[in-house]
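What follows draws every value from the coordinates through simple rules; no lab data is involved. Since the structure is predicted, the reported quantities are computational estimates derived from the model, not experimental observations. Cβ atoms come from the backbone with ideal geometry, glycine included; neighbour counts cover every protein chain shown.
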Amino acid sequence: MNHQNQKRKKDHLNITLSEYTSFKDVTTGLEKYHFIHQALPETDLKDIDLSTEIFGKQVKAPIIISPMVGGIQAAKRLNQNLAEAAQTLGLAMGIGSQRCLVDDSEVAETYRVRHIAPDILLFANIGAVQLNYGFTIKELLKAVKAIDADALVLHLNPLQEALQVEGNTDFSGLAKKIKMVCSELPVPVVIKEVGCGISEETAAMLVEAGVAAIDVAGAGGTCWSEIERMRIDDETKIKVASEFASWGIPTADTLVMTRKVAPDLPIIASGGIKTGMDAAKAIALGADAVGIGGPLLLAADKSSDDVINYLEEVICVLRIVMFCLGTNSIDKLKRSLFLRKI
C-alpha cells in the first residue's frame with residue numbers, strides 16, 4: 001500500500017469537506033450573463049426534454065457528477081452515495097483519480113460503483129502527467145476495466161502538481177502521448193482541467209490530439225492551489241501557494257474559448273457550477289453538459305438522498321429556465337439567442 005498516496009487523498013478529502021476552498025477574487029463569470037425572458041414560450045412545461053446523448057449513452061439530464069474521490073476507505077461510502085443518485089436520476093458520473101488503484105489493487109473497492117449504478121455513463125480517471133511517470137496504455141486500461149467504465153478522463157493539473165509537496169511536474173511532451181492514448185485506447189478519452197480552465201491554445205492542441213471531449217473545469221469553484229496551501233508546513237511555500245488563489249480562467253471564459261476552436265467537439269462545463277441557472281447559462285454558452293462537484297461531495301457526506309435532493313433542484317430550475325425561453329430541448333438551448341452578457 002502506498003502510504004504517501006493514502007495520506008494525500010485523506011488530506012484532500014478532509015480539507016474539501018471542512019475548509020473554505022474557493023478562489024479569491026475570481027468567480028465563474030456566469031453571473032455576467034442573463035437570459036431574456038419569453039412571456040409567450042409556445043410550449044408546455046411538461047414537454048421540456050432534458051435528455052441528451054453522451055458517447056452513445058442516453059442521460060436524462062446533461063449533468064455529470066464530477067470526479068472527486070477514491071483510494072481511501074472514506075471514499076467508498078461517498079462514491080456509493082453519488083452513484084445511487086446518478087442511477088436514480090439517470091445521470092453520468094466520474095470517479096476520483098485512480099492512480100492509487102493502479103499502484104495498489106486493494107483500494108479498488110473504494111472506486112467500484114457498478115453494482116449500485118449498472119446503467120450510468122461512468123468515467124474512469126487518471127492524471128495525464130502519469131504518462132511521463134511510467135503509465136502506459138496497460139495502466140490506463142486497468143483503471144477503466146477495474147470499475148467497468150465507459151470512458152476515461154485524463155486530468156490536467158500543472159498548478160496543483162507544482163504546489164504539491166509530492167507533485168509530479170514533468171508535463172513535457174504530453175500532447176504527443178495524449179494523442180497516442182486517444183488512438184489506442186478502446187474507450188473515449190476526455191481531457192479535464194481541475195479548476196484552472198482550458199485556453200484556446202490548449203484546446204487547439206487537444207483537438208489535434210483527437211480527444212473525444214473536453215471538460216474545461218474553469219476557475220470559480222474549488223481552488224486546488226488553496227487546498228495544497230493548507231497541506232504545506234514550510235512558511236515560504238505557503239506564501240508561494242497563496243499567490244495563486246486567483247489563478248485560472250473563469251468558467252464562462254474558458255467555455256467560450258474552447259468552443260471557439262472546437263466547434264464540433266463535445267464540451268463539458270465544470271468549475272463552480274452549483275445551480276440549475278448556472279447549468280442553463282453554461283449550456284447556452286455552448287456546453288453539451290455540465291459537471292457538478294463540490295456541493296455534491298458535501299451532500300454525499302450526509303446521504304444519497306441529500307445528493308438526489310440537490311440534483312433534483314438543479315434539474316427543476318434548468319427545466320423551468322428552458323420553459324421560460326420557449327426551448328424544449330437541450331440542443332435548442334445550446335443554440336439559444338436569448339442569453340446576453342451584462
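Report, in listed order, any pair from Lys192/Lys274; Lys145/Lys177; Lys10/Lys239; Lys142/Lys179; Lys10/Lys138; Lys179/Lys332 with a Cα-Cα distance greater than 25 Å. Before the final figure, lay out each step's value.
Values: Lys192/Lys274 18 Å; Lys145/Lys177 21 Å; Lys10/Lys239 23 Å; Lys142/Lys179 19 Å; Lys10/Lys138 27 Å; Lys179/Lys332 32 Å.
Over 25 Å apart, Cα to Cα: Lys10/Lys138; Lys179/Lys332.
For Ala219, what charge total do you get from the other residues with a beta carbon under 12 Å from its beta carbon, if Lys and Arg give +1 and Asp and Glu give -1? Residues close to Ala219 contribute a combined charge of -3.
If the Kirkwood radius is taken over C-alpha pairs of the chain, then at 4 °C and 1.567 mPa s the Stokes-Einstein diffusion coefficient equals 65 µm²/s.
Which of the GluC sites (Glu not before Pro) across segment 212-243 are loop residues per DSSP, with 12 or fewer other Cβ within 10 Å?
Answer by residue number: Glu243.
For Ala92, the residues whose amide H sits under 5 Å from its own are Ile63, Ile65, ignoring neighbours fewer than 5 places away on the same chain, with H placed 1.01 Å from N.
How charged is the neighbourhood of Asn81? Take every other residue with its Cβ under 13 Å from the Cβ of Asn81, and add Lys/Arg as +1 and Asp/Glu as -1.
Values: positive: Lys76, Arg77, Lys302; negative: Glu84, Asp301, Asp305, Asp306.
Around Asn81, the surrounding residues sum to -1.
Using only helices, what value at 222 nm comes out for the chain when you add -39,500 (n - 2.57) per DSSP H run of length 4 or more and divide by the total residues, to the nearest 500 deg cm²/dmol? Intermediate results must be reported in sequence, preceding the final value.
Values: 14 runs with 142 residues, N = 342.
That calculation yields -12000 deg cm²/dmol at 222 nm.
Proximity of backbone amide H atoms, modeled 1.01 Å from N, is registered between Asn125 and Gln98, Val153 at under 5 Å, excluding neighbours fewer than 5 places apart on the same chain. Under the criterion of Cα pairs below 8 Å and six or more residues apart, the relative contact order for the chain equals 24 percent.
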